[in-house]
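Trainee: Let me give you the structure first, and then I'll get to my questions.
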Amino acid sequence: GEDDAAAASTRATLDLRDPNAPTLEVAGQFGSWRRDISQRHAEILYVLATCPSGRSAPELAEDLYGDRSRVVTVRAEMSRIRKQLASVIAAQPYRFTESVELDVRYPDDMRGCLAASNAPAIRAARIN
């Protein structure tokens, strides 16, 4: 029905091609926007993009800091990200909402992916 069409109407593009200037572009029924995003937000969105079923706060803490106990930090980051991207990111577990069709643009050479990042999940992506 019409609800299904509306539900699948958001396109998000996470662009990691420039190692120092990640961007997120969102196009939906209410128009589109593109913004530069912080390194940390790019790390989080990358992890969520690669884990469609979602990540818990301890899992994200492991992905980002290599420390499952950093859940307070993760929840604060996710709160900020969800304020900006309410229609795109869901919680419990953290994930892209079902309505989002996600496209990730990776650099040609993954070794340069998010150059300044020390996140374990990003370091692992550079090796693979």
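Trainee: Would you mind putting 9-16, 92-99, 121-128 in packing order, based on average other-beta-carbon counts within 10 Å, highest first?
Mentor: For the peptides 9-16, 92-99, 121-128, the packing ranking is 9-16, 92-99, 121-128.
Trainee: Okay, next question. Share of the chain's accessible area from carbon and sulfur, percent, 1.4 Å?
Mentor: 46
Trainee: In Å², what does the accessible area per residue of region 46-107 work out to with a 1.4 Å probe?
Mentor: Accessible surface, normalised per residue, equals 53 Å².
Trainee: Looking at the P(r) of the chain, how many percent of alpha-carbon pairs lie beyond 25 Å? Working shown, then result.
Mentor: Details: 1795 of 8128 pairs.
That tail contains 22 percent of the Cα-Cα pairs.
The values are calculated or read from the model by the stated rules, or taken from the named source; none is laboratory data. Here the structure is a predicted model, which is why all the values come from computation and not from measurement. Cβ atoms come from the backbone with ideal geometry, glycine included; neighbour counts cover every protein chain shown. These area figures cover heavy atoms from the full protein model, side chains too; ligands, DNA and RNA do not enter into them. Shrake-Rupley method; radii C 1.70, N 1.55, O 1.52, S 1.80 Å.
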